[in-house]
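Just dropping this structure here.
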Ligand SMILES: [Zn+2]
């Protein structure tokens, strides 16, 4: 069974891994991302691929990039943390490596990995929600990644949760990721430490007395110790998470949600309030089955594993036990009805 390479390109690091047909990561190399240099990032990706393929015969490359990928999956139209603007990454990598290459949004690639090999296995309709610095996601509808008319679908962190709410990096206000992300958790904690220092005594102690030094892991630690202020913060953020999930359920009616990312994988601290808010806000709650909610299983390797599997699906000579379904999923246009 052939091997493919999956590359996860973030704002600070490039990770390239060799992945087999079962989604097992066999080897991995990492490089820093020269984020200010668009062509340089491409060259670093190519160099990482060259290094990791030296010991493994591979047939194709999949790249999951943090950015907006065009519908043809050839160009990065915009990347918030890399200086790519309408950049022809697919052509560059194919020229440098001689390997057929597919591009995908990094959150889509990670969601695909959970669907194929992780906590999303066994359902046809899945929403993967990555709760980290922001909120990202990937949506699988009837066993296919939802890409949208222009390739920009599933930006679930930017659904409006609060009218005239907190400003967001996307240019609008009140987006979900400003309330239900790891960044929101830290913001809540710092505000509490500043304005109610008596309640936040334990958090301030962990942060050396500086409200602006409170970190997310300190909130988690204090909450696990039973600190009421830290648990209140988790309750606030978890409630926002649950409300957002209820909105997504109203639109996509998934069989399952998978929560990923640092905050998503915290567990009951977040999940207890999120589940309560989810049930409370779910439309038609008395008349519909509740979607399952599970924690992601593949961790930080999901982006590589998913990108590699999408490369395999687009290049069936790489060999795959699920070639038919995945090959159709990977087609850029018009073939979805052939299933
Ligand atoms: Zn936004």
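What follows draws every value from the coordinates through simple rules; no lab data is involved. None of these values were measured; they are calculated from a predicted model. Cβ: placed from backbone, ideal geometry, glycine included. Neighbour counts: every protein chain shown.
For the range 1-85, what D do you get in µm² per second when you plug the Kirkwood radius from alpha-carbon pairs into Stokes-Einstein at 25 °C and 0.890 mPa s?
On the way: Rh = 13.1 Å.
Answer from the Stokes-Einstein relation: 187 µm²/s.
With both bridge residues required to lie in the range 122-295, what share of the DSSP beta bridges run antiparallel, to the nearest 5%? Numbers along the way, then the final one.
Working: 10 of 19 bridges.
About 55 percent, rounded to the nearest 5.
If each DSSP helix of 4+ residues adds -39,500 (n - 2.57) and the sum is divided by the residues in the chain, what number results at 222 nm, nearest 500 deg cm²/dmol?
Numbers: 11 runs with 131 residues, N = 339.
One gets -12000 deg cm²/dmol as the mean residue ellipticity at 222 nm.
Once every Cα of the range 122-295 carries one equal point scatterer and solvent is ignored, give the base-10 log of I(q)/I(0) from the Debye formula at q = 0.08, 0.09, 0.19 Å⁻¹, two decimals.
-0.25, -0.32, -1.20
Now for a separate question. Working from Cα positions, state the angle (0 to 90°, nearest 10) between the long axis of helix 302-314 and the longest principal axis of the chain.
Around 30 degrees separate the two axes.
Along the Cα-to-Cβ line of residue 280, 7 Å from the Cα, sits a label point; which residues in the range 219-242 have backbone N less than 13 Å from it?
235-242
Using 0.36 nm per residue of separation minus the Cα-Cα distance, give me the extension gain between residue 71 and residue 196 in nm, one decimal. If you can, show how the numbers build up before the last one.
Details: separation 125, 0.36 × 125 = 45.00 nm, distance 4.86 nm.
Separation in residues times 0.36 nm, less the Cα-Cα distance, equals 40.1 nm.
Can you run the Rg to Rh ratio on the chain? Use alpha carbon positions and the Kirkwood inverse-distance Rh.
Radius of gyration over Kirkwood radius for the chain works out to 0.99.
Could you tell me how many degrees, from 0 to 90 and to the nearest 10, lie between the Cα long axis of helix 216-225 and the main elongation axis, the longest principal axis, of the Cα atoms of the chain?
Its long axis makes an angle of about 50 degrees.
On to the next question. To test your reading of the geometry: what angle, between 0 and 90 degrees and rounded to tens, separates the Cα axis of helix 228-252 from the longest principal axis of the chain?
Once rounded, the angle reads 50 degrees.
Here's another thing I want to ask about it. Where does the range 151-207 land on Rg/Rh, using Cα atoms and the Kirkwood Rh?
1.13
Still on this structure: Which value results for Rg/Rh of the range 12-152 when Rg is the Cα radius of gyration and Rh the Kirkwood radius based on the inverse mean 1/r? Working shown, then result.
On the way: Rg = 14.9 Å, Rh = 15.7 Å.
A ratio of 0.95.
Follow-up question, since we're still on this one. Can you tell me how the range 71-126 classifies by the Cα gyration tensor, rounded, prolate or oblate, using a/c under 1.5 as the rounded cut?
On the way: a/c = 2.97, a/b = 1.80, b/c = 1.65.
Prolate.
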